[in-house]
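Below: the structure, in structure tokens.
The values are calculated or read from the model by the stated rules, or taken from the named source; none is laboratory data. Since this is a predicted model, take the numbers as computed values, not measurements. Methodologically, a virtual Cβ is constructed for each residue, glycine included, from the backbone with ideal geometry; neighbour enumeration extends over all protein chains shown. These accessible areas exclude ligands, DNA and RNA; they are computed on the full protein's heavy atoms, side chains included. Shrake-Rupley method; radii C 1.70, N 1.55, O 1.52, S 1.80 Å.
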Amino acid sequence: MKVAVLGAGAIGAYVGAALHRAGADVHLVARGPHLAAMKRDGVQVLSPRGDFTSRVHATDDPSDIGPVDYVFLGLKANSYAACGPLIEPLLQEHTAVIAAQNGIPWWYFHRYGGPHAGHRVESVDPGGAVSAVLPPERAIGCVVYAATELAGPGVVQHLEGTRFSIGEPDRSVSKRCLEFSEAMQAGGLKCPVEPDIRNDIWIKLLGNISFNPLSALTRATMREMCVHRDTRQVIEVMMAETLAVASALGCRPDISVEKRLAGAERVGDHKTSTLQDLEKGKPLELDVLLAAVVELAEVTGVAVPTLRTVHAIADLLSVSTAAAIAAAA
């Protein structure tokens with residue numbers, strides 16, 4: 001099994017190292033000092049479950065790799081539309097794309113069934129730009145429950161969790177999903193094939209849609225947002241509105257607002273990825289988290305006043321951050 005990890009940051013390099021340890025033919029696509037370190041020393045994983053090093057092939061040129069069976073996509077969702085030149089050399093007729101993204105994916109209504117089948121979510125696939133680069137029929141859904149960070153170039157600090165849930169948009173249990181799942185498990189990771197991955201998408205999104213934008217607006221950690229009474233109430237309302245949209249689309253995530261909050265509080269003083277991006281001067285990945293759900297609320301006729309308010313404020317922050325990045329370029 002030949003796998004390319006496109007965007008081998010903390011999560012991508014962690015997955016690539018695990019698959020390589022399991023015997024898969026793995027190739028990492030990265031850049032900068034991180035790439036240089038991986039070329040020189042391999043991927044070093046530091047984990048409570050045991051440290052290990054995978055001396056896996058790494059490059060900044062996908063044409064060095066050629067066609068693969070699976071592309072594990074570790075890029076931010078706001079980079080998908082522009083990733084054509086990077087992903088094209090990796091594709092052949094049967095190549096599957098496993099997108100490890102938060103939020104609503106571009107393929108969400110592909111083979112969905114019902115009145116919304118084939119609907120394009122403009123917030124995440126503007127004008128079909130993402131679908132043109134990443135055809136939905138290639139997509140395998142993936143929800144990441146692992147937490148990692150780069151402790152330094154080429155060094156992945158695994159914090160907690162090893163679960164990567166995957167599933168087909170058409171809800172089938174496919175041969176390609178089972179093959180990838182087996183390889184992930186052989187590398188020491190959990191990779192259940194879910195009969196309806198969309199339920200997992202909403203479970204993960206329940207936290208991302210609230211904690212991520214609010215953390216950027218307040219500069220607060222997960223624990224701080226949970227223990228601050230008024231902020232916690234805002235989060236509760238945002239989660240309840242999100243569940244209402246999911247329900248209107250036929251999804252019933254098996255989790256309560258209280259359980260989701262309790263889990264977030266246990267994470268402690270952890271900064272969300274959005275807050276980390278803000279502090280590093282990177283674009284904020286909020287369209288797939290917040291704008292998409294507001295759009296889906298319009299499609300389904302669900303009232304989401306708190307989500308709309310937070311989106312309006314966070315969107316201005318996102319726009320000003322993007323302007324600052326462009327000015328500094």
(request) Answer with yes or no whether A303 is in a loop (DSSP other than H, G, I, E, B) and on the phi < 0 side of the Ramachandran plot. (result) yes
(request) Give the residue, chosen from G118, G113, that is closer than 30 Å to G301 by Cα, open to solvent by 60 Å² or more (accessible area, probe 1.4 Å) and out of contact with any Cys (no Cβ under 9 Å at 6 or more places or on another chain). (result) G118
(request) Could you figure out which of (1) closer than 30 Å to M38 by Cβ; (2) assigned to a helix (DSSP H, G or I); (3) among the polar types (S, T, N, Q) isn't true of S165? (result) (2)
(request) Specify the residue that is farthest from A248 (Cα to Cα); the eligible residues are those in the stretch 124-143 that are open to solvent by less than 30 Å² (accessible area, probe 1.4 Å) and not in a helix (DSSP H, G or I). (result) L134
(message) Could you tell me how many of the residues in the stretch 262-304 are closer than 17 Å to Y108 by Cβ and small (G, A, S)?
(response) 3
(request) Keeping to the stretch 156-167, report how many residues are in contact with a Lys or Arg (Cβ under 9 Å, 6 or more places away or on another chain) and open to solvent by 10 Å² or more (accessible area, probe 1.4 Å). (result) 3
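Test V234 against the stated conditions and say whether it is surrounded by 13 or more Cβ atoms within 10 Å (Cβ to Cβ) and in contact with a Pro (Cβ under 6 Å, 6 or more places away or on another chain). Talk me through it step by step, then tell me what you get.
Values: surrounded by 13 or more Cβ atoms within 10 Å (Cβ to Cβ): yes; in contact with a Pro (Cβ under 6 Å, 6 or more places away or on another chain): no.
No: the conditions fail for V234.
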(message) Among the listed residues R260, R252, identify the single one that is assigned to a loop (DSSP other than H, G, I, E, B) and either in contact with a Gly (Cβ under 9 Å, 6 or more places away or on another chain) or open to solvent by 40 Å² or more (accessible area, probe 1.4 Å) (or both).
(response) R252
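Every residue, every condition in (1) aliphatic (A, V, I, L, M); (2) farther than 22 Å from G127 by Cα; (3) surrounded by fewer than 22 Cβ atoms within 10 Å (Cβ to Cβ), yes or no:
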{"site": "F72", "(1), (2), (3)": "no, yes, no"}
{"site": "L75", "(1), (2), (3)": "yes, no, yes"}
{"site": "Y80", "(1), (2), (3)": "no, no, no"}
{"site": "L86", "(1), (2), (3)": "yes, no, yes"}
{"site": "L91", "(1), (2), (3)": "yes, yes, yes"}
{"site": "V97", "(1), (2), (3)": "yes, no, no"}
{"site": "W106", "(1), (2), (3)": "no, no, no"}
(message) If I filter the stretch 266-302 down to residues being surrounded by fewer than 15 Cβ atoms within 10 Å (Cβ to Cβ), touching a helix residue (DSSP H, G or I) at 6+ places or on another chain (Cβ under 7 Å) and modelled with pLDDT under 90, which single residue comes out as nearest to A323 (Cα to Cα)?
(response) D269
